[in-house]
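Single-structure report; data block below.
The values are calculated or read from the model by the stated rules, or taken from the named source; none is laboratory data. What you are looking at is a predicted structure, and each value in this text was computed from that prediction instead of being measured. Backbone-built Cβ (ideal geometry, glycine too); neighbour counts: all protein chains shown. SASA here: full protein model, heavy atoms, side chains in, ligands and nucleic acids out. Shrake-Rupley method; radii C 1.70, N 1.55, O 1.52, S 1.80 Å.
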Amino acid sequence: MSGAHRPLTEKRLVLATHNAGKAREVAALLAGHGIAVVTAGELGLPVPEETETTFIGNASLKALAAARASGTVALADDSGFSAAALDGAPGVYTADWAEQPDGTRDYAGAMAKVERLARHSPDRAAWFSCALVLAWPDGHVEAFLGEAHGRWVWPPRGDHGFGYDPMFVPEGETQTFAEMDPARKHAISHRAAAFRMLEEACLPKG
Ligand code: IMP
């Protein structure tokens, strides 16, 4: 299986994010493989508009833009929350549902919108998705999609985490992502699943 993937041989890559929190998280994961990270923000690269309709599409667009602009391998992510009763919405528009006219984000309001639109359906299934895409300056991409399946609950519960964490209970658990120990969330999350696929396929061992 791994023979079909292009291995990452570089010891440095550009992370196509301007979000310092995400950068720290990914840098820590990559450090274990001896790979250093510089962010697109630090390099002053422009932020492309997320015009695609899939997580992989948007992550690819960001990774390719950063790889081409920097001449170095780039890694980008795109993630979101989906409710089965809403045919997968908000999906790639997860952040947009929280966007306020003044540019700030209101996640309590975004979660309430999901509940308002989905409450009449008996189907409470929900999932988080995370796409991770590695792109090379020659246009080659390696794409991975991790998912965490579960159900949405109301009212929201818990103070850890961020975004839609307080309304999501993963399969086999009783606590929401926001109630559980953050280490537990990080072990079973969509981001962890995607990173494990990327590690297996492209990163040097240990
Ligand atoms: P992105 O930064 O464009 O990937 O936006 C992702 C959106 O999905 C943001 O609104 C996040 O709050 C939400 N999201 C992604 N991952 C998680 C998670 O692990 N917990 C809660 N919300 C998440």
Within the accessible area of region 12-202, what % is carbon and sulfur when the probe is 1.4 Å and the other protein chains stay in place? 52 percent
Which helices count as membrane-span-like in the chain under these terms: full DSSP H, at least 24 Å along the axis by C-alpha, Kyte-Doolittle mean of 1.6 or more? none
Extension gain, Lys205 back to Asn19 (0.36 nm per residue minus Cα-Cα distance, nm): 64.2 nm
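Accessible area per residue of the chain at 1.4 Å probe, in Å²? Walk me through the numbers on the way to the answer.
Numbers: 10140 Å² over 206 residues.
With the other protein chains kept in place, the chain gives 49 Å² per residue.
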Among the GluC sites (Glu not before Pro) within region 133-206, which fall in a DSSP loop and have no more than 13 other Cβ atoms within 10 Å of their own Cβ? Glu171
The chain: spread of alpha-carbon positions along the three principal axes, whole Å, largest first, is 49, 37, 28
